[in-house]
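Shown next, in structure tokens, is the structure this report addresses.
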Amino acid sequence: MIIVPEWHSQRLARDLDARAEEAKGLALAIGLNVVAVHMLRLRQTRAATLLGVGQIEAIEPDIAAKGIQLVVVDAALTAIQQRNLETAFGTKVIDRTGLILEIFGERAATAEGRLQVELAHLDYQAGRLVRSWTHLERQRGGFGFLGGPGETQIEADRRMIRGRMARIRRSLEDARRTRQLQRSKRQRAPWPVIALVGYTNAGKSTFFNRLTGSDVMAEDMLFATLDPTMREIRLPGIDKAILSDTVGFVSDLPTELVAAFRATLEEVTTADLIVHVRDIVHPDTEAQYDDVRAILDSLGVNGPQDEESDGAASAVPQIEIWNKIDMADADRRAAMEAMAARRSDVAIISAVTGEGVEAARLLMASQLTARHQVQQIYLGYEQGDAMAWLHARGEVLADEPRGEGHVLTVRLDPADRARFDRLWPPSQPPTP
């Protein structure tokens, strides 16, 4: 059973039916059999149970009649609320955060992904030991000459959880350093990186497969992709680029997961271009857009770059891909096309049929080269690797011999010029 509560002061931007469908999709994504969905409007939240007494009494007969073994509440529950609802319903109860954590735990495929999910699980459970079985209140013998009450079982369990979390964080820090090294190598290589982001089930992986010819798991299922995947692609005027498919975002994404997956999501913050794939026919498409933007903001994507960033720009360039246009009716399609025609950062596509994908490729290429400026760079004849880097990253317009080297006139992004100067510190050409 799924319970979808809505209260007056929150989530007014979201369609209640769409929320119920999303909650059902989350449950189906982990193989649960949904036999009932209750959408409840709350005047106020109750500290003990979240739901009102009358609402609980109305739901209880349905649970008993259908033999329901699990109730999913599409909201964040405190430990006390979860325990009280389990007592009232006589069955297991989990909240939205617990459900998403279960999905991630089942889907994580890489060692790093599994560690990230375990860390999020432990962080979530650490504050909920109070609702575990009564054996957690037993006390162990004290230490030293005075004896005393000693350490309770719940304190010991919390200490074990904290120890395990510390070990996982150290492992993830090692993985983060490895990723930084990999990013440094990619930055030395002359290829731009494009990151796909978007709400879960917006069609990112289908679009990724369409662009790369890959077979990354792409199903009509929430969180079909967890672990990031990178592939090489070609774009008009760009010999090679790296396309990264990332985990989908969702409303009320657990803060534990955002923190645990921060190392993975850093791939987005260091990209040369962010492509936001949207399910443009979804009834909550605007609210989903806001959710994705909020998470990108929390990652610092839209703010000033840090000291390790490669350029002077204050934000990563972004475009939008409006997907699933094949599912829109004629009026909706016409409205979407009219809106997109007034913007220079939008392409309308169907990742399933391939419609509009070539226009999307052109848009990505134009955005990657939009900030390019014509600059002159002097290289010695022995700097062949730097010469190749410039040919791949920019457009070499002229090559004039000068002394023991040559002066290249190059159309190049300022961020790439800053990166190039760090890799190959500039030298002055000899006077003609």
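Throughout, read-outs are computed from the coordinates displayed, never taken from laboratory work. What you see is a predicted model; the values in this text were computed from it and never measured. Here the Cβ is made from the backbone with ideal geometry for all residues, glycine too, and neighbour counts use every protein chain on show.
Please sort 351-361, 335-345 by packing, taking for each peptide the average over its residues of neighbouring beta carbons within 10 angstrom, highest first. Before the final figure, lay out each step's value.
On the way: 351-361: 16.6, 335-345: 12.4.
Result, highest mean first: 351-361, 335-345.
Rank these for me by crowding, Leu362, Leu211, going from fewest to most other beta carbons within 10 Å. It would help to have the intermediate numbers written out before the result.
Values: Leu362 14, Leu211 23.
With the fewest neighbours first, Leu362, Leu211 line up as Leu362, Leu211.
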Fewest Cβ neighbours within 10 Å first, please rank Tyr199, Tyr381 accordingly.
-> Tyr381, Tyr199
Go through region 201-207 residue by residue and turn each phi into a ³J(HN,Hα) via Karplus (6.51, -1.76, 1.60, θ = phi - 60°); whole Hz please, and just put x for glycine and proline.
-> 6, 7, x, 4, 5, 5, 5
Centroid-to-centroid separation of region 309-374 and region 47-107 [C-alpha atoms, Å] = 41
Which of the residue pairs Lys24/Lys324; Lys240/Lys324; Lys92/Lys204; Lys92/Lys324 have a Cα-Cα distance greater than 31 Å in the structure shown?
-> Lys92/Lys204; Lys92/Lys324
Cα convex hull of region 2-103, projected area averaged across orientations, nm² | 6.0
Footprinting proxy, Lys92, Lys204: sorted fewest to most Cβ within 10 Å, the residues are Lys92, Lys204
Taking the dipole about the Cα centre of region 2-103, with the C-beta of Lys and Arg at +1 and of Asp and Glu at -1, give me whichever of Ala48, Leu85, Leu16 is farthest to the positive side.
-> Ala48
